[in-house]
Amino acid sequence: MDVFEAIRWRRSVRNFSPQKIEHEKLLQILEAARIAPSSSNQQAWHFVVIDDPGIIEQIPKQVAMGTKAIIPWLKDAPVIIAGCYTKAMTHHIAKLFGHENHLVDISIAMTHIVLAATALNIGTCFVGWFNESKLKRLLNIPRKYKIAVLLALGYPADKSTDEGIGGIAPRSRKSLKEIVSYNKFGENF
Ligand SMILES: Cc1cc2nc3c(=O)[nH]c(=O)nc-3n(C[C@H](O)[C@H](O)[C@H](O)COP(=O)(O)O)c2cc1C
């Protein structure tokens, strides 16, 4: 599968089969994060791979924001990766000029993970609805790190089709015309 196919085929998969993710495939996926670009090549990230069902079960119970029912499906994910970042000196300097490079870095690495997983027929879904301080405690994450996002991974429970991984239809997207300008914002699509 080439990168364009993976991009087109990816969906948020929230319905997982109990099939475990093979260790080699997990390593392949993590390697995709390891070699991702980062500002000044700082690699100021850490990926906590959660595969202990006891901990996975705790996540929707303890960390869902607001109602506990927001992410019940998360407990069936065989693996959850917590994408964590800290700020290197260059991130602090960039911030003086208004740049949030630390967030860009972790987002790129997590996207590498998603596309690598998709190419291996492994479904993913980002989860941003969590209480960060509770989750940090649950996962023993050191003070200087923050959790940018969680990513659930697993083989889809439903059969994949040409349309999408897990047989999921694409969600609508804005047109290019709505989101692209040439040279100056709002001009000349
Ligand atoms: C940063 C981020 C946070 C998200 N948080 C959640 C979440 O907490 N729960 C959830 O079910 N989906 C979550 N999603 C998935 C989005 O709802 C989904 O990507 C979007 O609806 C588009 O659907 P698609 O991924 O199938 O194309 C999140 C996605 C991103 C990028």
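The values are calculated or read from the model by the stated rules, or taken from the named source; none is laboratory data. This is a predicted model, so every value here is computed, not measured. Every residue, glycine among them, receives a Cβ derived from its backbone with ideal geometry; neighbour counts consider all protein chains shown.
Restricting to the range 1-42, what's the tally of residues that are crowded, with 17+ Cβ neighbours inside 10 Å and assigned to a loop (DSSP other than H, G, I, E, B)?
Total meeting the criteria: 8.
If you check ALA77, ALA44, which single one turns out to be at pLDDT 95 or above, closer than 15 Å to PHE126 by Cβ and touching a strand residue (DSSP E or B) at 6+ places or on another chain (Cβ under 8 Å)?
Answer to the check: ALA77.
For LEU138, only one of the following conditions fails: (1) within 30 Å of GLN19 (Cβ to Cβ); (2) more than 16 Å from the ligand (Cβ to nearest atom); (3) in contact with a Lys or Arg (Cβ under 8 Å, 6 or more places away or on another chain). What is its number?
Going through (1) within 30 Å of GLN19 (Cβ to Cβ); (2) more than 16 Å from the ligand (Cβ to nearest atom); (3) in contact with a Lys or Arg (Cβ under 8 Å, 6 or more places away or on another chain) one by one, LEU138 breaks only (3).
Show the residue pairs that are 6+ apart or on different chains and have beta-carbon atoms under 6 Å apart, the first residue being within the range 127-144 and of a type in the set (D, E, K, R), the second being within 16 Å of the ligand (Cβ to nearest atom).
Correct list of pairs: GLU132/ILE147; LYS134/GLN62; LYS134/VAL63.
So which of SER133, SER160 ends up being hydroxyl-bearing (Ser, Thr, Tyr), more than 12 Å from the ligand (Cβ to nearest atom) and outside any loop (DSSP other than H, G, I, E, B)?
SER133
Somewhere in the range 143-155, is a residue within 17 Å of TRP9 (Cβ to Cβ) and away from the ligand (no atom under 16 Å from the Cβ)?
Yes, the range 143-155 has at least one match.
Residues in the range 51-63: is at least one in contact with a Gly (Cβ under 9 Å, 6 or more places away or on another chain) and within 16 Å of the ligand (Cβ to nearest atom)?
No.
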